[in-house]
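The structure appears right after this line, and notes come after that.
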Amino acid sequence: MKGTPLTEKTWQYICDLVPAEDEFLRKLNEDALAQEIPAIQISPDQVSFLQFFLKSIQAKNVLEIGSLAGYSTITMARALPEDGKLFALEREPEYSYFIREKVKEAQLDHIVSVHTGEALDTLKTEQFPQLDFVFIDADKLNYSNYLELVMPMLRVGGVVCGDNALAWGMIADKDVPADREDVLGMQEFNRAMASRDDLSCSMIPLGDGMFMGVKTK
């Protein structure tokens, strides 16, 4: 039996029932658009889910690969304890500056540390504490490479999550055009996650989909 289709009416009901996107996050989106930062942040229903999930696993150390304007950064940082740490990796210097300003406004600068530069380089050179949760939302072609680099940093019982796992509705397409490297990258990532014997995985169909795996050994 198939699950219940998520209609617009049902989606709005979910967002209204658990309204995790507050005025601060809405204003952040407005300010980001004014700075010509792309409006490709996670969806409001993902906000409530990520906060619920981080609290449920008592996450303390979180790594985010691809932070854009800091919407998901602040979302997750709010779910961490006062001594928690969120390491935000963002390639673009102007976006990193924007994130730092918003993190200060949110009074979360004691939790969030922003690292500017190519994430692959940062992951190879920076030292991070053992991680409870990794959220990947950057260039899709490198998702599988990020996965390989973060797995040794993730504790057993920790979770890795790739956003856009449904690839804008194209994830099941067999004849993906060669110029859609983003879709091809997500297909490769999903296969890489599902084939690992040290991950137990599940697809979460919120937003554009999140493929999540808990490290088992």
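Computed over segment 155-217, the quotient of the alpha carbon radius of gyration and 2.2 N^0.38 Å is 1.15. Ranked for footprinting exposure by Cβ neighbours inside 10 Å, fewest first, Thr122, Thr73, Thr4 give Thr4, Thr122, Thr73.
If you take the charge dipole of segment 8-215 about its Cα centre, with +1 on Lys and Arg Cβ and -1 on Asp and Glu Cβ, which of Leu184, Ile111, Asn142 is farthest toward its positive end? Positive-most Cα among the choices belongs to Ile111.
For segment 1-52, applying the loop criterion from DSSP together with a ceiling of 15 other beta carbons within 10 Å to the GluC sites (Glu not before Pro) yields Glu36. Sorting Asp132, Asp83, Asp121 from the fewest to the most surrounding beta carbons within 10 angstrom yields Asp83, Asp121, Asp132. Put the Cα centre of segment 37-96 next to the Cα centre of segment 1-26 and the gap is 19 Å. With neighbour counts taken as other beta-carbon atoms within 10 Å, the residues His115, His110 rank, fewest first, as His110, His115.
The GluC sites (Glu not before Pro) of segment 99-206 that meet both conditions, a loop assignment by DSSP and at most 15 other Cβ atoms within 10 Å of the site Cβ, are Glu118, Glu126. Largest GNM mean-square fluctuation among Val112, Val156, Val103, using the chain with Cα springs under 10 Å: Val156. Remark: for residue pairs Lys124/Lys217; Lys27/Lys104; Lys55/Lys215; Lys60/Lys215; Lys85/Lys217, the C-alpha separation exceeds 19 Å in Lys124/Lys217; Lys85/Lys217.
Taken about its Cα centre, segment 96-174 carries a charge dipole of about 100 debye when Lys and Arg each add +1 at the Cβ and Asp and Glu each add -1 at the Cβ. Computed from point charges on the beta carbon alone (+1 for Lys and Arg, -1 for Asp and Glu), the dipole magnitude for segment 8-215 about its Cα centre is near 680 Debye. The loop-placed trypsin sites (Lys or Arg not before Pro) in segment 1-35, going by DSSP, that have at most 12 neighbouring Cβ atoms within 10 Å of their Cβ come out as Lys2.
Just the number, please: Stokes-Einstein D of segment 8-215 in µm²/s, Kirkwood Rh from C-alpha pairs, 4 °C, 1.567 mPa s.
The calculation lands on 75 µm²/s.
Any read-out appearing in this document is the output of simple, stated calculations on the displayed coordinates, not a laboratory observation. Small disclaimer: the values here were computed from a predicted structure and weren't measured. In this analysis, Cβ positions are derived from the backbone assuming ideal geometry, glycine residues included, and neighbour counts consider all displayed protein chains.
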